[in-house]
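Note sheet for the following structure.
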Amino acid sequence: MNVSPTTGYLRSPPYQQCLQQPPHKPPPPYTYIIPNRPSQISSLQFQQHSTPLTMSPDGGNESMNQTTLSPYEEAMSALSSLITTRTRAEKSNTGDRFDLLYDYVKILELEEPISKLKVIHVAGTKGKGSTCVFSESILRNCGFSTGLFTSPHLIDVRERFRLNDTEICQDKFLAYFWWCYNTLKEKVTDDIPMPTYFRFLALLAFKIFSAEQVDVAIMEVGLGGRYDATNVVKAPVVCGISSLGYDHMEILGNTLGQIAGEKAGIFKEGIPAFTVPQPEEAMCVLQQNGSKLNVNLQVVSPLDPNLLNGMRLGLGGDHQFVNAGLAVALCSSWLQRTEHLDVLHNITASSLPEPFIKGLATASFQGRAQIVADQYIGAEGSEDLVFYLDGAHSPESMEVCAKWFFQTIQEDERHGKSIDHRASDNSRLSLDMARCFHHSTRKSSTQILLFNCMSVRDPHLLLPRLMKTCATYGVHFQQALFVPNVSVYNKVISKVPQTNKQVNVSWQLTQQRVWENLVKSEKSGHAKSAKINSEGTRDEMAKGVISGANSKVFPTLPLAIKWLRDNVRQNQSTRLQVLVTGSLHLVGDVLRLIRR
């Protein structure tokens with residue numbers, strides 16, 4: 001194996017197509033060479049320049065070598081430059097010159113490649129990502145090569161691009177990234193500026209999936225549908241609309257009808273579409289938009305659990321049967337329209353083909369109904385601090401999240417193990433871990449909420465739905481911890497950054513006030529006896545922790561995680577069950593900190 005002693009990357013034969021370094025100064029330390037055939041991209045060549053890119057502690061470039069960026073970090077820096085400072089709610093964002101996307105497609109010579117992709121296109125408010133994941137798993141288990149594009153990512157941007165259920169490797173990502181980035185950079189003008197962050201990622205997905213010649217590309221809409229970057233697909237094989245609700249109203253509209261109209265923007269003339277049961281207002285708009293385009297819109301019922309032959313869905317929560325039913329319909333239509341009828345012969349109202357069942361049972365999706373035991377607490381107490389992570393961020397999804405949390409911890413207590421317990425990759429825990437968990441169930445359990453929502457969300461809508469639904473099932477949080485995200489809106493990161501600067505927690509204090517008022521209004525009989533110290537210590541106050549009667553605001557997430565770990569170590573008779581929700585960004589930040 002020919003490995004470069006300088007970079008540690010595999011050397012490969014020279015290829016015909018060479019990418020120049022990104023056109024910003026100082027020049028980056030590497031030139032990336034992309035092959036002209038997908039089969040050649042397994043190994044890439046990286047050539048080091050004599051002047052490496054350096055970055056000063058405050059993020060600015062310097063000529064003196066203080067921090068040399070790796071090739072991947074350099075790509076993340078270039079990607080971050082595409083993040084706009086405009087807010088999504090600005091009125092000028094309507095459509096945001098959607099026609100530019102077709103210019104980008106022409107520049108990247110993607111018109112024909114995209115037209116050849118056999119696409120499943122899915123929009124919706126809730127469950128669109130899970131529907132895509134189920135669909136990918138089903139078709140992969142049917143023997144097809146798959147490309148899956150979802151958003152947002154939790155830890156690494158490469159999660160958005162999955163080839164046969166594996167996120168794209170760094171070598172391939174870098175080659176495709178710089179090819180697209182530099183091709184666009186060379187052609188930009190005042191009239192055709194560089195694409196914004198999500199648009200670039202969507203274009204990159206089309207480039208990757210077409211170059212890798214996948215059998216099926218499953219594309220999740222980022223936001224809305226009509227003006228979403230994924231909607232440059234002119235002729236998908238089939239479209240899907242998952243459950244609709246109130247979200248992104250600053251862009252999509254204030255009524256379910258308006259929101260449904262934007263989602264229906266992915267419908268194409270004569271292309272079949274499927275949806276799930278919707279509120280009447282939304283369903284009427286979907287049907288009206290479909291009829292205008294001669295779309296055969298079919299409503300799919302939730303999947304019957306009996307069709308799984310005793311297996312469980314790979315994604316936890318009763319709501320996933322709705323998404324699984326939609327995925328089965330989308331995959332069945334895709335197989336029929338791509339003339340793979342041999343796979344469909346076992347589908348009836350009372351049975352599913354074995355690959356469908358296996359696909360539904362083995363599907364996994366980070367940050368959605370995921371359970372991870374803290375891997376830094378120590379072997380003996382590894383099950384004494386368990387994180388229940390779900391990126392719910394709408395009022396409706398708060399209710400679904402609360403129900404899932406209750407059902408899961410109830411199973412924990414009843415059976416001495418978590419039936420739906422997942423490791424970091426959502427796979428079931430080993431028997432040894434289950435036995436360890438059974439031993440730990442002799443301890444008393446305390447529920448903690450770890451929460452943050454984006455400033456475009458309304459905690460007055462989210463927190464009451466979460467608390468009231470939990471209370472309905474008898475779940476009462478002893479403490480609620482509010483933290484700012486580690487991730488920042490204007491920079492793509494792949495590591496946990498060191499947080500030394502003073503953090504503004506005014507938004508977290510707003511959320512804390514909402515929570516404290518909710519707790520006061522809750523019946524006093526529901527209060528749980530204190531098992532952990534809720535009063536702020538001098539040390540906490542010195543670190544900037546702001547304590548309320550039933551909650552705390554931490555200036556950083558690592559400090560909150562440390563507080564949880566310290567409580568587990570100091571109260572060995574108590575096991576903490578921490579629900580992490582409100583933001584997928586928060587879920588990703590927590591995963592960065594608790595996984596080895």
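Coordinate-derived values only; no laboratory data. Everything numeric in this text was worked out from a predicted model, so none of it was measured. Note: ideal-geometry Cβ built from the backbone for every residue, glycine included; neighbour counts use all protein chains shown.
All other residues whose Cβ lies under 9 angstrom from that of Ala402 are scored, Lys and Arg at +1 and Asp and Glu at -1, for a net of +2. Centre-to-centre separation between the Cα atoms of the range 549-572 and those of the range 334-402: 29 Å.
Computed from backbone phi, the HN-Hα couplings of the range 121-136 come to 10, 10, 10, x, 8, 10, x, 5, x, 5, 4, 5, 5, 4, 4, 4 Hz, rounded to whole numbers (Karplus: 6.51 cos²θ - 1.76 cosθ + 1.60, θ = phi - 60°; Gly and Pro given as x).
Could you calculate the contour length gain from Thr84 to Asp318, that is, 0.36 nm times the residue separation minus the distance between their Cα atoms, to one decimal place in nm? Kindly include the intermediate steps, with their values, before the conclusion.
Details: separation 234, 0.36 × 234 = 84.24 nm, distance 3.76 nm.
Roughly 80.5 nm would be gained on extension.
Over 29 Å between Cα atoms: which of Lys126/Lys468; Lys126/Lys543; Lys106/Lys126; Lys128/Lys562; Lys207/Lys263 fall into that group? Over 29 Å apart, Cα to Cα: Lys126/Lys543; Lys106/Lys126; Lys128/Lys562.
Applied to the range 346-352, the Karplus parametrisation 6.51 cos²θ - 1.76 cosθ + 1.60 on θ = phi - 60° returns per-residue 3J(HN,Hα) values of 9, 7, 9, 5, 10, 7, 10 Hz, with x for Gly and Pro. Put a dot 7 Å past the Cα of Glu109, heading toward its Cβ, do the same for Ala542, and the two dots end up 6.4 nm apart.
Note on the range 240-321: the C-alpha convex hull projects to 6.3 nm² when averaged across all orientations.
Once the Cα-Cα distance is subtracted from the 0.36 nm per residue extended length, the Glu281 to His345 segment shows a gain of 19.4 nm.
In plain terms, the chain from Gln298 to Ser444 could stretch by 47.7 nm, reckoned as 0.36 nm per residue minus the Cα-Cα distance. Where does the range 542-596 land on Rg(C-alpha)/(2.2 N^0.38 Å)? So the Cα radius of gyration is 1.20 times the expected 2.2 N^0.38 Å. When peptides 71-80, 314-323, 283-292 are sorted by average Cβ neighbour count within 10 Å, with the highest value leading, the order is 314-323, 71-80, 283-292.
Sorting check: for 110-116, 343-349, which peptide has the highest mean count of neighbouring beta carbons within 10 Å, and how do the rest follow?
110-116, 343-349
With each label modelled as a point 7 angstrom along the Cα→C-beta vector, the Lys185-Asp566 pair spans 4.5 nm.
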